[in-house]
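Asker: Here it is: the structure, laid out below.
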């Protein structure tokens, strides 16, 4: 047993200088890794935000386009447009929020982009020759905007 103790006492440990050098090398590696991955993470986040915004506009457009496709008449006054199907549906943009109300009651926020990265929405409607063009624009406070135009031929609209 004494022989074993002598053998173990001959081994050296790590010196303070070796420990400091290894920590310095490790920190250099971490800085390099961070420098490479930070821009990739920002790019991924931006692409993900735009994909979410596209999905958001697609989902809202389905509802509005369905109402317009079944319209018998459409009227527009400023940021308000009304679609008459079997009942009257009014769309209005107030403070960047698109609302939908049926029969002038129970305004339902169809899209409140404030929940989406503090952005706002603009909506427009144009009608020519029996075709209706719906324009939806999502404007983010981050400095980007996404615009979509949809062309619809309402079934019950004369023209």
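The values are calculated or read from the model by the stated rules, or taken from the named source; none is laboratory data. Since the structure is predicted, the reported quantities are computational estimates derived from the model, not experimental observations. Here the Cβ is made from the backbone with ideal geometry for all residues, glycine too, and neighbour counts use every protein chain on show.
Asker: Show the residue pairs that are 6+ apart or on different chains and have beta-carbon atoms under 9 Å apart, the first residue being within segment 106-134 and within 15 Å of residue 60 (Cα to Cα), the second being modelled with pLDDT under 60 and assigned to a loop (DSSP other than H, G, I, E, B).
Answerer: Note: pairs meeting the criteria are 121/112.
Asker: Take the residues in segment 121-150 that are surrounded by fewer than 15 Cβ atoms within 10 Å (Cβ to Cβ), touching a strand residue (DSSP E or B) at 6+ places or on another chain (Cβ under 8 Å) and closer than 18 Å to residue 46 by Cα; name whichever of them is modelled with the highest pLDDT.
Answerer: Across segment 121-150, the extreme among qualifying residues is 147.
Asker: Let me ask something else about it. Take residue 118 and decide whether it is outside any helix (DSSP H, G or I), under 18 Å from the mean Cα position of the chain (by Cα) and either over 16 Å from residue 152 (Cα atoms) or at pLDDT below 80 (or both).
Answerer: Working: outside any helix (DSSP H, G or I): yes; under 18 Å from the mean Cα position of the chain (by Cα): yes; either over 16 Å from residue 152 (Cα atoms) or at pLDDT below 80 (or both): yes.
Yes: the conditions hold for residue 118.
Asker: With the structure loaded, tell me whether residue 83 is within 23 Å of residue 152 (Cα to Cα) and touching a helix residue (DSSP H, G or I) at 6+ places or on another chain (Cβ under 7 Å) or whether it fails that test.
Answerer: So residue 83 fits the description; yes.
Asker: Kindly check whether there is at least one residue in segment 49-72 that is over 19 Å from residue 150 (Cα atoms) and at pLDDT below 85. Show your work before the answer.
Answerer: The first filter runs over segment 49-72 and keeps only residues over 19 Å from residue 150 (Cα atoms), leaving 49.
Next, only the ones that are at pLDDT below 85 stay: 49.
Yes, segment 49-72 has at least one match.
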